[in-house]
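Asks: Below are the structure tokens for one structure; questions will follow.
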Amino acid sequence: MSTNTPKNPHFPLMLSPLDLGFTTLKNRVLMGSMHTGLEEEKGGFNKLAAFYAERARGGVGLIVTGGIAPNFRGRIAPHGSQLSFSWQTSKHKLITDAVHKEGGKICLQILHTGRYAYHPFNISASNVKAPINPFKPRQMSERQIKKTIKDFASTCQLSQKAGYDGVEIMGSEGYLINQFLCSRTNKRKDQWGGSYQNRMRFALEIVKASRQKVGKDFIIIFRLSMLDLVEEGSTWDEVVELAKALEDAGVTIINTGIGWHEARIPTIATSVPRAAFSWVTAKMKKEVSIPLITTNRINTPEVAEEILARGDADMVSMARPMLADSDFVNKAAAGNSDHINTCIACNQACLDHVFKQKRASCLVNPRACYETELNFDKASSAKKLAVIGGGMAGMAFSIYAAQRGHEVNLFEAKDHLGGQFNLAKNVPGKEEFIDSLRYFTSELERQNIKVNLNSPQSVEQLKEAGFDDVVLATGVTPRIPAIDGIDNPMVYNYQQVLKGEATMGARVAVLGAGGIGYDISEFLTEAGESHTVNLDLWLKEWGIDTEVTHPGGIEGVKQVKPESARHVYLLQRKAERFGKTLQPTTGWIHRAALKKRTVDMIGGVEYVKIDDNGLHIKEDGELRLLEVDNIVICTGQESEKSLHQGLEDAGVSVHLIGGADYAGELDAKRAIRQAAELAARI
């Protein structure tokens, strides 16, 4: 490409082309690999084609698919996807044709799960069981190793036949290739184990065989685990040695892998600071000359540009941000980064769904992975709609309904929008929620939706205004348990605490150990600046060695216990494991965070009474007094739908969405999807 190509004035580095010699990527944005669940659905490849095409149309420089196995044993699950036979290429061509039609480029990720495979046929370098999998692997024989190398190369060749622009060989996150690399999982005594030169042979032979099959004009990305974050992981010298050998073997680009799936250190959750690991890629930049991609918790063009300006990497990988907003790159290029629907790294609709073998989507964008099923086409006749409640459900419905041409009037009783997200954004580790509020409130303006603040509505007002339909998105109110003394002035509900309406003492009892109870406990114990916005403090808290002088970057490194602002008792009535109802991919992080702070967890309790001395409970049949200064109620919510029956009685067409429909645990994912689905059909 000509050196005279003008640079984009908004994000000149992120949007500059990357010349790979035989092909040029139009910008430095990689849409990272994500398993969506569509890979296994009937008719899923047609849906995947629409999904990837929309991201290509949105301006992404290069897309990497979700992981596809090179053989049966490498599948994620018994019915997982693999590409091993010529007849399988036709469905992949649906994807490549759709992406190329939109001017994009796409690589297939080749993923052998090894001991992470969720089936009894899994294999690994050695028969060492993974702590996150009930199935113990069999140690691969010499014959199986050589056959697997051929299978990788064959899948690479079939990818080329299917029209892919390249492949990504998955060598990180604790999958099979990574299992060969580390002494943690490689206990072999033959030529594939023992010394590091032996342990890295499997990876190198796969790359060499693959390159031989496809020739030089085909992208081969290698996803290299630069920081294992597990004991007996690779040392930095070993990582560098492999990187140099991969470059010599013909790899086009090296992508950064961070942490094994079994690592007990968060890497992609919302509590992880933005760009928390680009320093690792920066270290590798000094060692190899081929392009490097950095990854993890990069969710805005500003962060991406800063990384590239520091010279930490040649490209940035963003996976979940492309779920949240398929038009991410185009909006950035147009100077409209404030219009981007930002990924908040909640994991609730993406990773949590995949781990439950459900289709992935996105909390803030329920269309993600539903591009052929959930759309907001113009309505045959425009309606005059009233939306009561300006929380996430009300705002989302208003936006989607306006896109269909309806006249939308949004009424909010308070002087601000956002509902429960306005509370959640104050919780340490949930600062990203501010960006969702920014996006949804600004989108209301762009859609010219009439927003009425400080406007509680009555049945009479709504009926008199002549609305065709009324949508109640009035949210929830805290459920107050029937405890003797509950009206004591030392008692507050969680909303009062997060709004700053409560003055907390040094000792606090939190009643209820669901998600809100955990959030409140973290809020009350946080001392000083949130570690989510201070990378140095966060790295020390989790014991990560930025010099990587320790195996895996953590072995032997002492975690620095954060200070605790106050002593908290977290109580629950049920005699069961604490945090049982928390989300699977992030719950363990919240449990670990509270263990590091001064939080006593007491389960199986009966709340007897509250008086000026504190909280009286019964534990194991014995009466006990917790001498606390304050008590915070987090014992659930009740739907606020006082208008519902009156509207129905008045003959008004009325709909319930979000918390107004069902309180339960606060669930923005369900609320926004419910809003979108109603807007698509109303």
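Asks: List every residue pair whose Cβ atoms sit under 7 Å apart, with the two residues 6 or more apart in sequence or on different chains, where the first one lies in the range 489-504 and is farther than 20 Å from Ser564 by Cβ and the second, anywhere, is of a type in the set (Gly, Ala, Ser) and surrounded by fewer than 20 Cβ atoms within 10 Å (Cβ to Cβ).
Replies: Gln496/Ala502
Asks: Just to check your reading of the model, which residue among Gly587, Gly603, Gly552, Gly614 is surrounded by 15 or more Cβ atoms within 10 Å (Cβ to Cβ), modelled with pLDDT of 95 or more and either among the aromatic types (Phe, Trp, Tyr) or closer than 18 Å to Ala263 by Cβ (or both)?
Replies: The match here is Gly552.
Asks: So is Thr89 touching a residue at least 40 places away in the same chain (Cβ under 8 Å), of a type in the set (Ser, Thr, Tyr), within 22 Å of Ser172 (Cβ to Cβ) and not in a loop (DSSP other than H, G, I, E, B) or not?
Replies: Details: touching a residue at least 40 places away in the same chain (Cβ under 8 Å): yes; of a type in the set (Ser, Thr, Tyr): yes; within 22 Å of Ser172 (Cβ to Cβ): no; not in a loop (DSSP other than H, G, I, E, B): yes.
It is false that Thr89 is touching a residue at least 40 places away in the same chain (Cβ under 8 Å), of a type in the set (Ser, Thr, Tyr), within 22 Å of Ser172 (Cβ to Cβ) and not in a loop (DSSP other than H, G, I, E, B).
Asks: A follow-up question, please. Being buried (at least 22 other Cβ atoms within 10 Å of the Cβ), of a type outside the set (D, E, K, R) and in contact (Cβ under 8 Å) with a residue 12 or more places away in the chain: is that true of Thr155 here?
Replies: yes
Asks: Separate question: Which one of Lys7, Lys91, Lys42 is among the charged types (D, E, K, R) and buried (at least 17 other Cβ atoms within 10 Å of the Cβ)?
Replies: Unique residue meeting the criteria: Lys91.
Asks: Turning to a different aspect of this structure: Scan the range 498-538 for residues that are polar (S, T, N, Q) and surrounded by fewer than 16 Cβ atoms within 10 Å (Cβ to Cβ) and jot them down.
Replies: Passing the criteria: Thr503, Asn534.
Asks: Which residue pairs have Cβ atoms closer than 6 Å, lie 6 or more positions apart in sequence or on different chains, and pair a first residue in the range 270-293 that is free of Cβ contacts under 8 Å to residues at least 40 places away in the same chain with a second residue that is of a type in the set (Val, Ile, Thr) and part of a strand (DSSP E or B)?
Replies: Hits for this filter: Ser278/Thr294; Leu292/Ile254.
Asks: Okay, moving on. Mind checking which residues of the range 226-282 are aliphatic (A, V, I, L, M), assigned to a loop (DSSP other than H, G, I, E, B) and more than 19 Å from Trp542 (Cα to Cα)? Don't jump to the end; show me each part of the working.
Replies: Kept after step one, since they are aliphatic (A, V, I, L, M), are these residues of the range 226-282: 226-227, 229-230, 239-240, 242-243, 245-246, 249, 251, 253-254, 258, 263, 265, 268-269, 272, 275-276, 280, 282.
Still in the running and assigned to a loop (DSSP other than H, G, I, E, B): 229-230, 251, 263, 265, 268-269, 272, 275-276.
Within the range 226-282, Val251 is the sole residue that qualifies.
Asks: Within the range 448-559, which helices (runs of 4 or more DSSP H) (wholly inside it) include 3 or more residues that are more than 25 Å from Ile589 (Cα to Cα)?
Replies: 459-464
Asks: State yes or no: is Ile110 among the aliphatic types (A, V, I, L, M), under 19 Å from Arg201 (Cα atoms) and in contact with a strand residue (DSSP E or B) (Cβ under 8 Å, 6 or more places away or on another chain)?
Replies: It is true that Ile110 is among the aliphatic types (A, V, I, L, M), under 19 Å from Arg201 (Cα atoms) and in contact with a strand residue (DSSP E or B) (Cβ under 8 Å, 6 or more places away or on another chain).
Asks: Can you tell me which of Ala77, Ala49 is of a type in the set (A, V, I, L, M) and part of a helix (DSSP H, G or I)?
Replies: Details: Ala77 fails: part of a helix (DSSP H, G or I).
Unique residue meeting the criteria: Ala49.
Asks: Given the residues Ile206, Ile221, Ile169, which is the only one that is modelled with pLDDT of 95 or more, in contact with an Asp or Glu (Cβ under 8 Å, 6 or more places away or on another chain) and surrounded by 18 or more Cβ atoms within 10 Å (Cβ to Cβ)?
Replies: Ile221
Asks: Moving on. Would you please name the residue that is modelled with the lowest pLDDT, looking only at residues in the range 647-677 that are in contact with a strand residue (DSSP E or B) (Cβ under 7 Å, 6 or more places away or on another chain) and either small (Gly, Ala, Ser) or not assigned by TED's automatic domain parsing to the domain that holds Phe397 (or both)?
Replies: Ala663
Asks: When Thr372 is evaluated against the numbered criteria (1) surrounded by 24 or more Cβ atoms within 10 Å (Cβ to Cβ); (2) among the β-branched types (Val, Ile, Thr); (3) in contact with a Lys or Arg (Cβ under 7 Å, 6 or more places away or on another chain), which criterion, by number, is the only one it fails?
Replies: The failed condition is (1).
Here is a yes/no grid of residues against (1) touching a helix residue (DSSP H, G or I) at 6+ places or on another chain (Cβ under 6 Å); (2) of a type outside the set (A, V, I, L, M, F, W, C); (3) at negative phi:
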site: Asn365; (1), (2), (3): yes, yes, yes
site: Glu373; (1), (2), (3): no, yes, yes
site: Lys378; (1), (2), (3): no, yes, yes
site: Lys383; (1), (2), (3): no, yes, yes
site: Gly389; (1), (2), (3): no, yes, no
site: Met395; (1), (2), (3): yes, no, yes
site: Ile399; (1), (2), (3): yes, no, yes
site: Gly405; (1), (2), (3): no, yes, no
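Asks: Could you count how many residues in the range 444-484 are in contact (Cβ under 8 Å) with a residue 60 or more places away in the chain, surrounded by 14 or more Cβ atoms within 10 Å (Cβ to Cβ) and over 20 Å from Ser653 (Cα atoms)?
Replies: Going through the range 444-484 one residue at a time, the tally reaches 7.
The values are calculated or read from the model by the stated rules, or taken from the named source; none is laboratory data. Everything quoted here is computed from the prediction, not taken from an experiment. Cβ sites come from the backbone with ideal geometry, for glycine too, and all protein chains shown count toward neighbours.
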